[in-house]
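One structure is given below, encoded as structure tokens.
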């Protein structure tokens with residue numbers, strides 16, 4: 001079979017919950033291994049090997065948790081909105097599950113970004129919190145996540161909940177460019193980007209490499225925890241189908 | 001095309017008539033707005049300089065809360081008596097009819113709110129530039145509040161608890177609040193407010209074009 005036919009076919013097969021449940025087990029395991037390796041090397045590089053910053057001293061090291069979680073908070077929201085949109089348009093069950101399983105992880109990363117930022121801000125700016133554009137828009141993002149989760153739990157029918165949530169996520173996507181460009185649009189207390197200038201990053205290599213490792217660790221952590229959540233959700237979705245009953249053993253009384 | 005315009009005005013007229021027959025629904029959120037604003041001078045004392053600094057923010061936040069309270073009226077009665085289903089089944093675009101309903105909500109709530117806000121501004125001794133900025137930001141933002149609000153109301157219609165509605169809606173209102181308050185602060189400091197006004201106008205155009213489509217989609221999902 002040539003590739004042009006095989007690839008779409010595989011993609012459709014991936015959308016089938018049973019097939020996804022089977023292969024995600026293997027993927028999840030390997031991704032977690034990568035996550036642990038990146039996390040350990042990234043932390044060692046960031047906390048031990050990287051030199052202290054000439055202005056901020058050792059306290060800049062919290063960046064290795066703060067920056068990846070801030071990136072992840074935006075990234076997961078985009079994943080949530082896009083997969084929600086896919087679920088809305090093509091009614092792909094898996095996309096709906098991805099969207100609703102992403103929300104709690106995204107909310108956690110957003111909270112982490114805010115909390116580490118506050119801990120960083122105390123020695124650097126002399127205050128836990130300032131009402132500047134980036135902090136405020138990140139806080140709005142947290143409330144968008146929480147609103148999404150609240151909406152999900154308000155419906156009894158999961159599929160209706162997923163589609164209603166997708167609309168909310170798509171409306172809230174307006175906030176993403178505001179967060180991303182807030183540092184450039186308004187001159188605020190939060191420092192400008194130092195990494196995204198790819199041609200000439202204003203960050204030294206010995207600091208950059210641990211940061212990238214930590215980013216990869218956060219991303220793989222997201223993927224592996226997302227897969228775990230998806231697998232649970234699939235079992236709940238399909239609890240009446242024969243393959244789940246077979247999997248769980250017939251003696252167990254599956255509720256819901 | 002002519003037919004569509006006619007449908008728009010028929011629904012607009014229907015909603016306005018319904019509200020004027022049942023005036024409590026239309027007056028209560030506005031009463032709430034005035035009463036909450038009056039609470040603040042009572043709480044803070046009648047120090048004129050302090051009030052001057054706080055008043056525009058108080059008016060704005062209270063306007064948001066009153067909007068959230070008033071929003072349920074857009075679809076609630078229609079949902080209860082089943083007219084929403086009839087609208088969805090009708091052969092005219094739902095987007096059009098939804099925009100007529102949102103327009104009706106703005107006329108019965110947003111428009112009076114702007115004038116009441118300016119009046120309360122007089123009582124709370126705002127300067128004329130601040131009042132001017134307050135008027136313009138409210139004029140540009142109240143339609144946005146109605147439009148965005150309609151989406152979330154459509155999503156949560158029939159679910160118990162107005163609490164969920166306010167949880168979903170207030171984060172979406174925050175950007176509008178931020179830009180409006182920037183404009184008001186600039187006006188108080190005697191600076192130009194054109195940048196914020198343009199931004200609010202941009203948000204209004206975006207909401208005006210996309211929100212009715214989204215609201216229609218949300219209603220379809222909710223009643224599927």
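If I filter the stretch B:151-160 down to residues being more than 8 Å from chain A (Cβ to nearest Cβ) and assigned to a loop (DSSP other than H, G, I, E, B), which single residue comes out as surrounded by the most Cβ atoms within 10 Å (Cβ to Cβ)?
To start, the set of residues in the stretch B:151-160 that are more than 8 Å from chain A (Cβ to nearest Cβ) comprises B:153-154, B:157-158, B:160.
After this cut, where a residue has to be assigned to a loop (DSSP other than H, G, I, E, B) as well, the list is B:157-158, B:160.
Values: B:157: 20, B:158: 11, B:160: 8.
In this case the residue turns out to be B:157.
Name, by its number, the condition in (1) within 11 Å of chain A (Cβ to nearest Cβ); (2) in a loop (DSSP other than H, G, I, E, B); (3) under 25 Å from residue B:27 (Cβ atoms) that does not hold for residue B:148.
The single condition residue B:148 does not satisfy is (2).
If you go through the stretch A:141-173, how many residues are in a loop (DSSP other than H, G, I, E, B) and within 9 Å of chain B (Cβ to nearest Cβ)? Talk me through it step by step, then tell me what you get.
Of all residues in the stretch A:141-173, those in a loop (DSSP other than H, G, I, E, B) come to A:155-157, A:173.
The next check asks that each one be within 9 Å of chain B (Cβ to nearest Cβ); those that pass are A:155.
So the count comes out to 1.
Identify, from the list B:23, B:52, the residue that is exposed (fewer than 15 other Cβ atoms within 10 Å of the Cβ) and more than 14 Å from the chain's Cα centre (by Cα).
Result of the check over B:23, B:52: B:23.
Only residues that are surrounded by fewer than 16 Cβ atoms within 10 Å (Cβ to Cβ) and at the interface with chain A (Cβ under 9 Å from one of its Cβ atoms): list them for the stretch B:167-209, please.
The answer is B:206, and nothing else.
Residue by residue through the stretch A:119-133, note down the ones that are away from chain B (no Cβ under 12 Å), in contact (Cβ under 8 Å) with a residue 40 or more places away in the chain and in a helix (DSSP H, G or I). Explain how you work it out, then say what you get.
Keep residues of the stretch A:119-133 that are away from chain B (no Cβ under 12 Å), which gives A:119-130.
Narrowing further to those that are in contact (Cβ under 8 Å) with a residue 40 or more places away in the chain: A:119-120, A:123-125, A:130.
Correct list: A:119, A:120, A:123, A:124, A:125.
If I filter the stretch B:133-141 for residues that are surrounded by 22 or more Cβ atoms within 10 Å (Cβ to Cβ), within 14 Å of chain A (Cβ to nearest Cβ) and either touching a residue at least 40 places away in the same chain (Cβ under 8 Å) or not in a helix (DSSP H, G or I) (or both), do I get at least one hit?
No - not one qualifying residue is present in the stretch B:133-141.
Being modelled with pLDDT of 80 or more, more than 30 Å from residue B:163 (Cβ to Cβ) and either in a helix (DSSP H, G or I) or within 14 Å of another protein chain (Cβ to nearest Cβ) (or both): is that true of residue A:177 here? Before the answer, list the steps.
Numbers: modelled with pLDDT of 80 or more: yes; more than 30 Å from residue B:163 (Cβ to Cβ): no; either in a helix (DSSP H, G or I) or within 14 Å of another protein chain (Cβ to nearest Cβ) (or both): yes.
No.
Residues that are surrounded by 15 or more Cβ atoms within 10 Å (Cβ to Cβ) and either at pLDDT 75 or above or in a helix (DSSP H, G or I) (or both): does the stretch A:197-206 have at least one?
no
Just one of the numbered conditions (1) assigned to a helix (DSSP H, G or I); (2) modelled with pLDDT under 90 is not true of residue B:191; which one?
(1)
Which condition breaks for residue B:91 when tested against (1) assigned to a helix (DSSP H, G or I); (2) over 21 Å from residue B:32 (Cα atoms); (3) out of contact with any helix residue (DSSP H, G or I) (no Cβ under 6 Å at 6 or more places or on another chain)?
Result: residue B:91 passes all but (1).
Would it be correct to say that residue A:182 is surrounded by 14 or more Cβ atoms within 10 Å (Cβ to Cβ), assigned to a helix (DSSP H, G or I), within 14 Å of chain B (Cβ to nearest Cβ) and at pLDDT below 80?
Details: surrounded by 14 or more Cβ atoms within 10 Å (Cβ to Cβ): yes; assigned to a helix (DSSP H, G or I): yes; within 14 Å of chain B (Cβ to nearest Cβ): yes; at pLDDT below 80: yes.
Yes, satisfied.
Go through the residues of the stretch A:61-72 one by one and say whether even a single one is surrounded by 12 or more Cβ atoms within 10 Å (Cβ to Cβ) and over 20 Å from the mean Cα position of the chain (by Cα).
Start the filter on the stretch A:61-72 by keeping residues that are surrounded by 12 or more Cβ atoms within 10 Å (Cβ to Cβ), which leaves A:61-72.
Then keep just the ones that are over 20 Å from the mean Cα position of the chain (by Cα); that gives A:61.
Yes - at least one qualifying residue is present in the stretch A:61-72.
Just name the residue that is surrounded by the fewest Cβ atoms within 10 Å (Cβ to Cβ) out of those in the stretch B:210-224 that are facing another protein chain (nearest Cβ under 8 Å) and in a helix (DSSP H, G or I).
Kept after step one, since they are facing another protein chain (nearest Cβ under 8 Å), are these residues of the stretch B:210-224: B:214, B:217-218, B:221-222, B:224.
Then keep just the ones that are in a helix (DSSP H, G or I); that gives B:214, B:217-218, B:221-222.
Working: B:214: 23, B:217: 22, B:218: 25, B:221: 20, B:222: 23.
Among those residues, the one meeting the criterion is B:221.
The values are calculated or read from the model by the stated rules, or taken from the named source; none is laboratory data. Bear in mind that the values here come from a model prediction, so they are computed numbers and not experimental data. Note that we place each Cβ from the backbone using ideal geometry, even for glycine, and neighbour counts take in every protein chain shown.
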